[in-house]
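Here the structure comes first, spelled out in structure tokens, and everything after it is commentary.
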Amino acid sequence: MRYSGLPGASIIALAMSHAATAQVTATPVPDTRPATQPAAAFDEIVVTATKRTQTLESVPISVSVTNAKTIHEAHITDLIDLQSVVPSLKVQQFSTVGQTNFTIRGFGNGAGNDGIETSVGVFIDGVYRSRAATALDDLPEIDRVEVLRGPQSTLFGKNVSAGAINVITARPEFDFSGKAEMSFGNYGLIESRSTVNIPLDSTLAVRLSESTDNRDGTYRDDTTGTRLNNRNRYSLRADVLWKPTDTVSVRILGDYNKIHEVCCAVVSIQNGPATQGIGAAAPFGLGKPISIPQHDNRDVELNTDPVNRLNDEGVSGQIDWDLGPVKLTSITAYRHSADQSYTDVDFTGADIANSDRRNRYNTFTQELRLASDGTGRFNYLVGAFYDHETLHSGVDTRFGSDIRPYADGLSGASAVPGLSNISLLELIQGLAPGTTYFQPGQGISDFYTQHQNSYSVFGQADYKLTDRLTVTGGLAYLEDHKKVSSDVVLDDPFSSLNLQDVPQLAALRLPVNSFGALGALQFFYGNDPNHAPVNYPNANESGKLKGDKVTYTAHADYDFGIAHAYLTYSTGWKAGAFNLSSDSRPPDANGVGRSVSPENVTLYEAGIKSRFHGGYLNLAVFHQSVKGFQDNAYTGTGFALVNAGKESVTGFEVETNYRPINWLSLDGAVTYLHPKYNSYTMAPCVSYDTVRCPTNPATGLTPNFRDLSGTRPATIATWTASASATATHRLSEDLTGTLRGEFDYTSKAQLAETTPPDISRYGNQSVNASFSIASVRYKAEIMLWGRNLTNYYTLITTFPSVAQTGSYSGIPNEPRTYGVTIRKSF
């Protein structure tokens, strides 16, 4: 196992030395009422979902809140784990660490194609994380995580057309304190986390935090023997709070995060003729290992290790100034991220093709807000937001040493009289002397640079018409500018051929399009009339996108005493985007090509938030639609980026917590979704849909588009649910035991529209649990934990295998993990 040491050892040592020398101070012990006595009234949950401090029940939108206690007890270490307690949130990590996607209520995109921004915005301490990969840091000392469902463009501005994830960390305090923990588990897990809070004087305090996460891989590549899906992560964070007066506070945060892992495991779910040929000694002559589709397939066969490196760092400053009737807030941030991944893109034991992806992001954001003090019948918030991002994106895909025998096997033998003993490729190569096809090192380089500027101004106001009825209105203006330049170089001579017109064939008295069916071997630009990239800007394409939109929201909230009922109408917007992949083309007659238009979202929602003795119950019913949904379908060599005409989802959500007695807490959440493509006439064609996408025998190609109007979108499960029970028992005057059990369920759904539904329908049934014993006297705790205890097997996503028509691959989930965590506070 690779292990990077414990950068937090000094903090841990400080904790232990302090505990050894300090006088023990008693802290409040757990509730000692009899076990049958009812619990006290439920504590209010405070949120900042509207960028103002409010109670959860008074916020007229659907919000899920996960507090530090739940994160601690459920052993949630990052946002991927968070989805286990928030059913309507899905976080999917695909074939590399940087390809991570967030969805809420089934809506979301942005993984893999660097030109697409996420529809679910992630904000950490008010700072927008522009790319999903930059939000994968191990969670620091958390106060709470808020998941806001539905469009949030009116207040959060950029890329929140499906929702937002708002992470609030613990602020520095003016008392010396700290915490350190170590975890050990299966697969060689060694994990450390520590934080120390240091008051420098009565106005200045600092919190320092670190974490390391090291683990062997949970899957084994049977070809190379390497363990895949390991963990090797390191995070460091400094948080400084200065309060020179009672009305002014300044908070400066800096963080550095590093990921260096061998990820991610890919398995086969169907092997077509091409993949079967790779595994056989004939006709390709390769005889290389391939993943064999089977139930609970954990058979990984790669000829090179999928290496991922990600570095993310940033600094931000927040100033809050209480001016009496209003409060002024400024948040300024700069972030730099770089990720690199090397992947065996054919996902077999043969050396057919590999890709080297490298991205760099530089982002500057500035937000200003002015909010009223929250008293009186009328309250408001106004603000402005600016975002500037520079993106450098590059993918270099190259053929390996097995590409030529593989291509010869796919092309078959020549049918030309007297030449039947050679392959079609050898024949066509002979017609152009000096040209060599399918050689190691040939391929394509896709490099892009994008500059983006986004602006928004927004405002929202509440007015209490009566003591019980509050109406809210909000308005935002958003504007987005993108400028892209491409540098794409095709170094695959065979893909450059026009196989519909080979004039040398006329000398053999053969039709000039006799080799047309070999178009299936033109892996790059085979369906493009130019058979070559067209870089831009150029005389016909400016490489610029500009869009703007006014979004608005309206709420009505009525306080019945035992419950709040609300009605919401809201709109959202996400700007247009460029396709930064090998499938980027100049616009065709249908206007499909380089870019997509913006997404426009409309939400109708009604809800009830009730609070009762010992708990709460929240219910929301909604209809949400997206016009121009930016569908980003992986085709095997690139991404087909097109706008769906209209996609909608109707559903409901229920969340509840109840303490029937003081030592038992019950939590449950259910989400039901019924999605539909109301209109989608230009969905990317797929090889398995032979009715809507028939193969042309003359060219070996399929049409570019198919009509999915009226069908159910893939990836969206009908039902998702989670349930947990937490029991706390006082074992002695000093010791308290806590037992938590959790069950997560997702009904089966087709995981991708580019794979056949009969082999790509998967759900999830996961059991997680923890048991801890805490000492009040020693401020220490030991916890046993486990995730996916039944070792339930499922797939996260599926996709067409690269350059292997009829074959499909999938990304498997994490197997059973378990361990022990030791914590010490001081």
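So how many residues does the stretch 44-87 have that are part of a loop (DSSP other than H, G, I, E, B), among the hydroxyl-bearing types (Ser, Thr, Tyr) and buried (at least 21 other Cβ atoms within 10 Å of the Cβ)?
Step one: list which residues in the stretch 44-87 are part of a loop (DSSP other than H, G, I, E, B), which gives 44-45, 48-53, 59-62, 74-78, 83-87.
Keeping just the survivors that are among the hydroxyl-bearing types (Ser, Thr, Tyr) gives 48, 50, 53, 62, 77, 84.
From what is left, the residues that are buried (at least 21 other Cβ atoms within 10 Å of the Cβ) are 50, 62, 84.
Matching residues across the stretch 44-87 total 3.
Restricting to the stretch 596-609, count the residues that are open to solvent by less than 40 Å² (accessible area, probe 1.4 Å) and either free of Cβ contacts under 8 Å to residues at least 24 places away in the same chain or among the polar types (S, T, N, Q) (or both).
1
Looking at (1) in a strand (DSSP E or B); (2) open to solvent by 30 Å² or more (accessible area, probe 1.4 Å); (3) modelled with pLDDT under 95, which is the only condition GLN460 fails?
In the conditions (1) in a strand (DSSP E or B); (2) open to solvent by 30 Å² or more (accessible area, probe 1.4 Å); (3) modelled with pLDDT under 95, GLN460 misses (2) alone.
I need a count of the residues in the stretch 218-261 that are surrounded by 21 or more Cβ atoms within 10 Å (Cβ to Cβ) and of a type in the set (Gly, Ala, Ser).
Here the count works out to 1.
Could we say that ILE168 is open to solvent by less than 40 Å² (accessible area, probe 1.4 Å) and in contact with a helix residue (DSSP H, G or I) (Cβ under 8 Å, 6 or more places away or on another chain) here? Spell out how you get there, then give the answer.
On the way: open to solvent by less than 40 Å² (accessible area, probe 1.4 Å): yes; in contact with a helix residue (DSSP H, G or I) (Cβ under 8 Å, 6 or more places away or on another chain): no.
So ILE168 does not fit the description; no.
Assuming VAL550 fulfils every condition listed in (1) in a strand (DSSP E or B); (2) of a type in the set (A, V, I, L, M); (3) open to solvent by less than 50 Å² (accessible area, probe 1.4 Å) apart from one, which condition is it?
Here VAL550 clears every test but (3).
In the set VAL206, VAL196, which member is buried (at least 20 other Cβ atoms within 10 Å of the Cβ) and in a strand (DSSP E or B)? Walk me through how you get there before you give the answer.
Values: VAL206 fails: buried (at least 20 other Cβ atoms within 10 Å of the Cβ).
Step by step, each of VAL206, VAL196 is checked, and only VAL196 is buried (at least 20 other Cβ atoms within 10 Å of the Cβ) and in a strand (DSSP E or B).
Say we look at the stretch 690-702 and pick out the residues that are at pLDDT 85 or above and touching a Cys at 6+ places or on another chain (Cβ under 8 Å); which of these is nearest to ASP583 (Cα to Cα)? Steps first, answer last, please.
Going through the stretch 690-702, the residues at pLDDT 85 or above turn out to be 690-694.
If we keep only those that are touching a Cys at 6+ places or on another chain (Cβ under 8 Å) as well, we get 692-693.
Details: ARG692: 21, CYS693: 18 Å.
By that ranking, first place goes to CYS693.
Suppose we filter the stretch 564-594 for residues that are farther than 28 Å from VAL550 by Cβ, polar (S, T, N, Q) and under 29 Å from the mean Cα position of the chain (by Cα); how many remain?
Within the stretch 564-594, residues that are farther than 28 Å from VAL550 by Cβ, polar (S, T, N, Q) and under 29 Å from the mean Cα position of the chain (by Cα) number 3.
For ARG777, state whether it is surrounded by fewer than 16 Cβ atoms within 10 Å (Cβ to Cβ) and touching a residue at least 24 places away in the same chain (Cβ under 8 Å).
Numbers: surrounded by fewer than 16 Cβ atoms within 10 Å (Cβ to Cβ): yes; touching a residue at least 24 places away in the same chain (Cβ under 8 Å): yes.
The answer is yes for ARG777.
Scan the stretch 472-484 for residues that are open to solvent by 50 Å² or more (accessible area, probe 1.4 Å) and not charged (D, E, K, R) and jot them down. Please lay out each step first, then the result.
Narrowing the stretch 472-484 to residues open to solvent by 50 Å² or more (accessible area, probe 1.4 Å): 475, 477, 481, 483.
Across the stretch 472-484, the qualifying residues are LEU475, TYR477, HIS481.
Given (1) in a strand (DSSP E or B); (2) crowded, with 16+ Cβ neighbours inside 10 Å; (3) not polar (S, T, N, Q), where does TRP321 come up short, assuming only one miss?
Among (1) in a strand (DSSP E or B); (2) crowded, with 16+ Cβ neighbours inside 10 Å; (3) not polar (S, T, N, Q), the lone unmet condition for TRP321 is (2).
Name the pairs whose Cβ atoms lie under 6 Å apart, with the first residue in the stretch 345-360 and in a loop (DSSP other than H, G, I, E, B), the second at pLDDT 90 or above and among the acidic types (Asp, Glu), and 6 or more positions between them or separate chains?
THR348/GLU301; GLY349/GLU301; ALA350/ASP402; ASP351/ASP402; ILE352/ASP346; ILE352/ASP402
Yes/no matrix, rows are residues, columns are (1) buried (at least 24 other Cβ atoms within 10 Å of the Cβ); (2) of a type in the set (S, T, N, Q); (3) touching a residue at least 24 places away in the same chain (Cβ under 8 Å):
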residue: LEU89; (1), (2), (3): yes, no, yes
residue: GLY98; (1), (2), (3): yes, no, yes
residue: ASN101; (1), (2), (3): no, yes, yes
residue: ARG105; (1), (2), (3): yes, no, yes
residue: ASN113; (1), (2), (3): yes, yes, yes
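Looking only at the stretch 780-802, which residues are touching an Asp or Glu at 6+ places or on another chain (Cβ under 8 Å) and crowded, with 22+ Cβ neighbours inside 10 Å?
ARG787, SER801, VAL802
Within the stretch 671-686, work out how many residues are modelled with pLDDT under 95 and either surrounded by fewer than 18 Cβ atoms within 10 Å (Cβ to Cβ) or within 19 Å of ARG611 (Cβ to Cβ) (or both).
1
Kindly check whether there is at least one residue in the stretch 714-726 that is open to solvent by less than 30 Å² (accessible area, probe 1.4 Å) and either more than 25 Å from the chain's Cα centre (by Cα) or over 22 Å from THR103 (Cα atoms) (or both).
yes
Tell me which residues, restricted to the stretch 358-368, are modelled with pLDDT under 95 and open to solvent by less than 40 Å² (accessible area, probe 1.4 Å).
Once the filter is applied, which keeps residues that are modelled with pLDDT under 95 and open to solvent by less than 40 Å² (accessible area, probe 1.4 Å), the stretch 358-368 yields ASN359, TYR361.
What tally of residues in the stretch 422-453 results from selecting those that are more than 26 Å from SER582 (Cα to Cα) and modelled with pLDDT of 95 or more?
0
Applying the selection to the stretch 571-611, what residues are among the hydroxyl-bearing types (Ser, Thr, Tyr) and assigned to a loop (DSSP other than H, G, I, E, B)? Talk me through it step by step, then tell me what you get.
Residues of the stretch 571-611 that are among the hydroxyl-bearing types (Ser, Thr, Tyr), as a first pass: 571, 581-582, 584, 595, 597, 602, 604, 610.
Correct list: SER581, SER582, SER584, SER597.
Restricting the stretch 610-645 to residues that are of a type in the set (S, T, N, Q) and buried (at least 20 other Cβ atoms within 10 Å of the Cβ), which is farthest from THR568 (Cα to Cα)? So that I can check it myself, show each step before the final result.
Step one: of the stretch 610-645, the residues of a type in the set (S, T, N, Q) are 610, 618, 624-625, 630, 632, 635, 637, 643.
Pick out the ones that are also buried (at least 20 other Cβ atoms within 10 Å of the Cβ) and you get 618, 624, 630, 632, 637, 643.
Working: ASN618: 15, GLN624: 11, GLN630: 25, ASN632: 29, THR637: 42, ASN643: 27 Å.
Within the stretch 610-645, the match that is farthest from THR568 (Cα to Cα) is THR637.
Does PHE524 satisfy the condition of being open to solvent by less than 70 Å² (accessible area, probe 1.4 Å), among the aromatic types (Phe, Trp, Tyr) and farther than 22 Å from SER581 by Cα? Walk me through it before giving the result.
Details: open to solvent by less than 70 Å² (accessible area, probe 1.4 Å): yes; among the aromatic types (Phe, Trp, Tyr): yes; farther than 22 Å from SER581 by Cα: no.
Taking the combined requirement at face value, the residue does not satisfy it.
LYS676 is checked against (1) within 20 Å of TRP719 (Cβ to Cβ); (2) in contact (Cβ under 8 Å) with a residue 60 or more places away in the chain; (3) of a type in the set (D, E, K, R) and fails just one. What number does that condition carry?
(2)
Could you check THR715 against (1) in contact (Cβ under 8 Å) with a residue 24 or more places away in the chain; (2) under 30 Å from VAL502 (Cβ atoms); (3) of a type in the set (S, T, N, Q) and say which number it fails?
THR715 satisfies every listed condition except (2).
Filter the stretch 426-457 down to residues that are hydrophobic (A, V, I, L, M, F, W, C), open to solvent by 40 Å² or more (accessible area, probe 1.4 Å) and in contact (Cβ under 8 Å) with a residue 60 or more places away in the chain, then give me how many there are. Before you say what the answer is, go through the steps one by one.
Of the residues in the stretch 426-457, the ones hydrophobic (A, V, I, L, M, F, W, C) are 427-428, 431-432, 438, 444, 447, 457.
This time we only want the ones that are open to solvent by 40 Å² or more (accessible area, probe 1.4 Å), so: 447, 457.
Right, trim to in contact (Cβ under 8 Å) with a residue 60 or more places away in the chain and you get 457.
So the answer is 1.
Looking only at residues in the stretch 324-344 that are in contact with a Ser or Thr (Cβ under 9 Å, 6 or more places away or on another chain) and free of Cβ contacts under 8 Å to residues at least 40 places away in the same chain, which one is surrounded by the most Cβ atoms within 10 Å (Cβ to Cβ)? First the steps, then the outcome.
The initial filter retains those residues of the stretch 324-344 that are in contact with a Ser or Thr (Cβ under 9 Å, 6 or more places away or on another chain), namely 324-327, 331-337, 339, 341-344.
Now narrow it down to the ones that are free of Cβ contacts under 8 Å to residues at least 40 places away in the same chain: 332, 334, 336, 342.
On the way: THR332: 17, TYR334: 16, HIS336: 15, TYR342: 19.
Only one residue tops the list, namely TYR342.
The values are calculated or read from the model by the stated rules, or taken from the named source; none is laboratory data. Remember, predicted model here, so these are calculated numbers, not experimental data. All Cβ positions, even for glycine, are placed from backbone atoms using ideal geometry, and neighbour counts span all protein chains on display. Note: accessible area is taken over every heavy atom of the protein model, side chains too, but ligands, DNA and RNA are not part of it. Shrake-Rupley method; radii C 1.70, N 1.55, O 1.52, S 1.80 Å.
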